[in-house]
1. If I filter the stretch 5-26 down to residues being within 13 Å of the chain's Cα centre (by Cα) and surrounded by fewer than 14 Cβ atoms within 10 Å (Cβ to Cβ), which single residue comes out as farthest from THR60 (Cα to Cα)?
2. What about GLY44, is it loosely packed, with under 15 Cβ neighbours inside 10 Å and under 12 Å from the mean Cα position of the chain (by Cα)?
3. Out of VAL104, VAL30, which single residue is among the β-branched types (Val, Ile, Thr), under 17 Å from ASP10 (Cα atoms) and over 18 Å from the mean Cα position of the chain (by Cα)?
4. Could you tell me whether the stretch 88-104 includes any residue that is in contact with a Leu (Cβ under 8 Å, 6 or more places away or on another chain) and more than 27 Å from GLU16 (Cα to Cα)?
5. Are there strands (runs of 3 or more DSSP E) fully within the stretch 21-137 with at least 1 residues that are more than 16 Å from ALA5 (Cβ to Cβ) and without any contact (Cβ under 8 Å) to a residue 24 or more places away in the chain? List them.
6. Any idea which of ASP65, ASP71, ASP51, ASP119 is on the phi > 0 side of the Ramachandran plot and charged (D, E, K, R)?
7. Here is a check on your reading of the model: is PRO50 modelled with pLDDT under 95, over 21 Å from HIS115 (Cβ atoms) and surrounded by 12 or more Cβ atoms within 10 Å (Cβ to Cβ)?
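The values are calculated or read from the model by the stated rules, or taken from the named source; none is laboratory data. Just so we're clear, the structure is a prediction, and the values are computed from it rather than from any experiment. All Cβ positions, glycine included, derive from the backbone under ideal geometry; neighbour counts span all protein chains shown.
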Amino acid sequence: MEITAAILCDFAEIREGLLFVMAGGVMRVVRPNLPGPLGLMVAGTAEIRPDQFDQIHSVTVIMKDPDAATDLARVTTALQPHRPPGLKEGEPLVVPFVVRIGAVMLHHHGAYDVHVGSDDEKPRVLSCYVVPARSTS
C-alpha cells in the first residue's frame, strides 16, 4: 500500500467511497490562546495493489513537536479493501481515509509536523504553523 495523497484540512468525510474535503491544504492555524486544540483532520488516499486486497493495512498519523522532539499524538486507522465489482484485472484500488487529530492539544505557537505513513512505508511529513491572532492596531 502506498499513500498517494495527504493534506491537513478543516473537515473531511468519506461517502460512497469518495473523499470529501473542506478547507484543505491548511498550513497555518490561528490560535490566539494556548493551550488549545489543533482542530484539524488529515485526509488522503492510499493505492492498494491487487495482491494486497483482502489484507488489513494501517495508516498512522503522528503529530510531533519538532522543538521539543516529542510526539504529541499517534493515531492509527485500519483499511481492509476488497476487490470491488468492475475493477479490471491488475488494476489498483484507490482508497480514501480520514484521520481525526483535532483534539490534539497545542501548548505553544510555532511549527508542528504531522507524519502520515502506511505499513512500512516512509511517512509523508506535513508541516503546520500555529500562529497567534494578528493585532488589529
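1. Per the stated criteria, the residue is GLY25.
2. no
3. Being among the β-branched types (Val, Ile, Thr), under 17 Å from ASP10 (Cα atoms) and over 18 Å from the mean Cα position of the chain (by Cα) holds for just one of VAL104, VAL30, which is VAL30.
4. Taking every residue of the stretch 88-104 in turn, at least one turns out to be in contact with a Leu (Cβ under 8 Å, 6 or more places away or on another chain) and more than 27 Å from GLU16 (Cα to Cα).
5. So the answer is 70-79.
6. The match here is ASP119.
7. In short, yes.
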